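The values are calculated or read from the model by the stated rules, or taken from the named source; none is laboratory data. Note that the structure is predicted; figures quoted are calculated from it, not measured. Reconstructed Cβ throughout: ideal geometry from the backbone, glycine too, with neighbour counts over all protein chains shown.
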Amino acid sequence: MIFNLLLHSGLYEWHKSVFLDELPEYKRSAFKRFIIATESGLDELPEYKRSALEVMRQPLEDRKITVARTKQTVDYPASFMLVAAMNPCPCGHYGENNPAHPCTCTPAQIHRYLSRISGPLMDRIDIQCEIEAVPYDQLRDTTPSESSAVMRERVMRARAIQQQRFAGSPLIHCNAQMSAKMVRQYCTLDPESDKLLEFTITKLGLSARAYDRILKVARTIADLEGAENIQKKHLLESISYRSLDRSNWGG
Ligand SMILES: [Zn+2]
């Protein structure tokens, strides 16, 4: 996670002493808890203080952390993959429609819970999926699913395509790292898909950042299929991964 690099490079102690000491006390304790939490992943995302979560915005966008001091500003590389999970409400049962476990939260409690994840932070998360409870018959399903080894093969093929694509750009290794200019170059759409994306962005009020991220994910979905161009189905799948954008996020 963000601070693994600092920890492993021995820079953490310096960073902690300089950066944490400059934070106000209320932010400092939240930040320390956040650093500890990032060592094991971010489950129950809204349980972290909003101020601690907000520090992820810069590295999620720029893949670096900037420490500004009086005399100089230092950038540390902080390229990481954020994987986080959260419940739909404090009790965890909102939207399940299960009479045995009705949601006991008030609308105000749910709003307060969700609003700990700000809109701008959510905007920087490429893939957002709502996971429903697994029905009993599916729990007993013995049909073999695709193995991790087969999935890995597909991922490695897609990464090879991307390495070839960015062979002339030594600092770019995968679609996620594309600049806005590269997105225009490598994520071209046919007229029908272009209309679909325009409709989606306008209708859902998505940001320019979301536009770029939808195209990058669509490019990766096409790469996983070995398709040269982004097709409408790839774009539709990518749009479906912005499901929490469509829920009028309360941040
Ligand atoms: Zn609830």
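As for the stretch 229-241, it holds at least one residue that is within 16 Å of residue 123 (Cα to Cα), touching a residue at least 12 places away in the same chain (Cβ under 8 Å) and part of a helix (DSSP H, G or I). Looking across the stretch 104-116 at every residue that is under 30 Å from residue 60 (Cβ atoms) and part of a loop (DSSP other than H, G, I, E, B), the one that is nearest to the ligand (Cβ to nearest atom) is identified as 105. Close contacts from the stretch 134-163, counting a first residue that is in the same structural domain as residue 221 (by TED's automatic domain parsing) and a second that is part of a helix (DSSP H, G or I) and charged (D, E, K, R), with Cβ to Cβ under 6 Å and a gap of 6+ residues or different chains, come to 158/223; 161/223.
Can you work out which of the residues in the stretch 164-180 that are at pLDDT 95 or above and surrounded by fewer than 12 Cβ atoms within 10 Å (Cβ to Cβ) is farthest from residue 230 (Cα to Cα)? By that ranking, first place goes to 167.
Give the stretch 96-112 a look and list any residue that's within 18 Å of residue 134 (Cβ to Cβ) and either without any contact (Cβ under 8 Å) to a residue 24 or more places away in the chain or outside the structural domain of residue 55 (by TED's automatic domain parsing) (or both), or say none. Break it down stepwise before answering.
Initial filter on the stretch 96-112 (within 18 Å of residue 134 (Cβ to Cβ)): 96-101.
97, 99, 100, 101, listed by residue number.
Of all the criteria given as (1) closer than 21 Å to residue 211 by Cβ; (2) in contact (Cβ under 8 Å) with a residue 12 or more places away in the chain; (3) of a type outside the set (A, V, I, L, M), the one not satisfied by residue 185 is (2). Against the list (1) closer than 20 Å to residue 81 by Cα; (2) modelled with pLDDT of 95 or more; (3) out of contact with any Asp or Glu (no Cβ under 6 Å at 6 or more places or on another chain); (4) surrounded by 14 or more Cβ atoms within 10 Å (Cβ to Cβ), the condition residue 158 fails is (3).
Quick one: which residue in 96, 153 is within 16 Å of the ligand (Cβ to nearest atom) and among the acidic types (Asp, Glu)?
Numbers: 153 fails: within 16 Å of the ligand (Cβ to nearest atom).
Only one candidate passes the filter, namely 96.
On inspection, residue 122 fails the criterion of being under 19 Å from residue 52 (Cβ atoms), surrounded by 13 or more Cβ atoms within 10 Å (Cβ to Cβ) and within 16 Å of the ligand (Cβ to nearest atom). Between 40, 17, the distinction of being closer than 25 Å to residue 134 by Cβ and modelled with pLDDT under 80 belongs to 40 only.
Take the stretch 80-94 and flag every residue that is surrounded by 12 or more Cβ atoms within 10 Å (Cβ to Cβ) and either touching a residue at least 24 places away in the same chain (Cβ under 8 Å) or touching a Ser or Thr at 6+ places or on another chain (Cβ under 9 Å) (or both). Talk me through it step by step, then tell me what you get.
From the stretch 80-94, those surrounded by 12 or more Cβ atoms within 10 Å (Cβ to Cβ) are 80, 82, 84, 86-94; that's our starting set.
Passing the criteria: 80, 82, 84, 86, 87, 88, 89, 90, 91, 93.
Comparison of 132, 146 shows that the only residue that is in a loop (DSSP other than H, G, I, E, B), farther than 20 Å from residue 82 by Cβ, in contact with a Gly (Cβ under 9 Å, 6 or more places away or on another chain) and of a type outside the set (Gly, Ala, Ser) is 132. In the stretch 60-70, the count of residues that are more than 12 Å from the ligand (Cβ to nearest atom), closer than 20 Å to residue 119 by Cα and more than 13 Å from the chain's Cα centre (by Cα) is one or more.
When residue 127 is tested against (1) among the hydrophobic types (A, V, I, L, M, F, W, C); (2) modelled with pLDDT under 90; (3) within 14 Å of the chain's Cα centre (by Cα), just one condition goes unmet, and that condition is (2). You will find that of 191, 144, the residue that is over 16 Å from the mean Cα position of the chain (by Cα), farther than 25 Å from residue 122 by Cβ and either among the polar types (S, T, N, Q) or modelled with pLDDT under 95 (or both) is 144 and no other.
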